[in-house]
Amino acid sequence: MNEMAKMIIVLTAICLASAFALTALNNGLEARIAQQEEFYVRGPAVHDIFPDAPNDPVADAFSVEVDGQSWRLYPWIENGECRAVALQAAGAGGYGGDVMVMTGIDFSAGRILGARVAQHGETPGIGTRVADPLYMRIYQGVPVRAGTVIALKSAGGEIEGVSGATRTSAAVANGVDRAVQFVLAHKDEIPGWVREQTGR
């Protein structure tokens, strides 16, 4: 066997061993990464949206799979009833990929309680202006009822985008709209899911 063949075999073995080691490491850290994201990313966004919740929506959070997609729900439980729910949805179309938006929706009032950008890969100083809580207040109080569509004014909706960051603004609006459409489609089921998962 010549030197070139030996080198190819050795390099192939090293690559395979590295791939297996990285896969095992990723699998071992997957649960820890998810836990860290819950504590440092999604949790603070939920607490910002639900500052007055009598329960801890993050501690009561659970996941449901609907139509092949997993959704993590953060319920506001008051007097034994699910009053509101927060959920994260990916808004498509950002420059840096999907923009992850946490949206809180009040069932009883039929409105958005708040929205926060949880994760993004947008350009610092430009696209990141959309994540400013002062801008995100634009979603607070928006009605949630049959036929509601959340979109920028430039796309026929009611939401004003951030100047110079229209694409990122549209991605955020898309994330909020996806959460709203999920709640509208499953508003009768969500309280039952909450009782089943939390026992309340």
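The values are calculated or read from the model by the stated rules, or taken from the named source; none is laboratory data. For clarity, every value in this text was computed on a predicted model and none was experimentally measured. Every residue, glycine among them, receives a Cβ derived from its backbone with ideal geometry; neighbour counts consider all protein chains shown.
Only one of the numbered conditions (1) over 17 Å from the mean Cα position of the chain (by Cα); (2) surrounded by 17 or more Cβ atoms within 10 Å (Cβ to Cβ); (3) of a type outside the set (D, E, K, R) is not met by Gly192, and that is (2).
Whenever a residue of the range 141-164 is in contact (Cβ under 8 Å) with a residue 60 or more places away in the chain and closer than 18 Å to Val101 by Cβ, it has no partner that is hydrophobic (A, V, I, L, M, F, W, C) and surrounded by 14 or more Cβ atoms within 10 Å (Cβ to Cβ) lying with C-beta atoms less than 6 angstrom away and at least six residues away or across chains. In this structure, is Val64 in contact with a helix residue (DSSP H, G or I) (Cβ under 8 Å, 6 or more places away or on another chain), at pLDDT 90 or above and either farther than 30 Å from Arg167 by Cα or not charged (D, E, K, R) (or both)? In short, yes.
Would you pick out the residues in the range 57-69 that are assigned to a strand (DSSP E or B), more than 23 Å from Ala170 (Cα to Cα) and either free of Cβ contacts under 8 Å to residues at least 40 places away in the same chain or in contact with a strand residue (DSSP E or B) (Cβ under 7 Å, 6 or more places away or on another chain) (or both)? Residues satisfying the conditions are Phe62, Ser63, Val64, Glu65. Among the residues of the range 139-165, those that are of a type outside the set (A, V, I, L, M) and in contact with a strand residue (DSSP E or B) (Cβ under 7 Å, 6 or more places away or on another chain) comprise Tyr139, Gln140, Gly141, Pro143, Lys153, Gly161. Residues in the range 126-146 that are more than 27 Å from Lys187 (Cβ to Cβ), of a type in the set (A, V, I, L, M) and out of contact with any Gly (no Cβ under 7 Å at 6 or more places or on another chain): Val130, Ala131, Leu134.
Mind telling me which of the residues Ala31, Ala45 ends up being at pLDDT below 95 and surrounded by fewer than 11 Cβ atoms within 10 Å (Cβ to Cβ)? After applying the criteria, what remains is Ala31. For Arg72, indicate whether it is of a type in the set (Lys, Arg) and free of Cβ contacts under 8 Å to residues at least 40 places away in the same chain. Considered against the rule, which asks whether it is of a type in the set (Lys, Arg) and free of Cβ contacts under 8 Å to residues at least 40 places away in the same chain, Arg72 comes out as yes.
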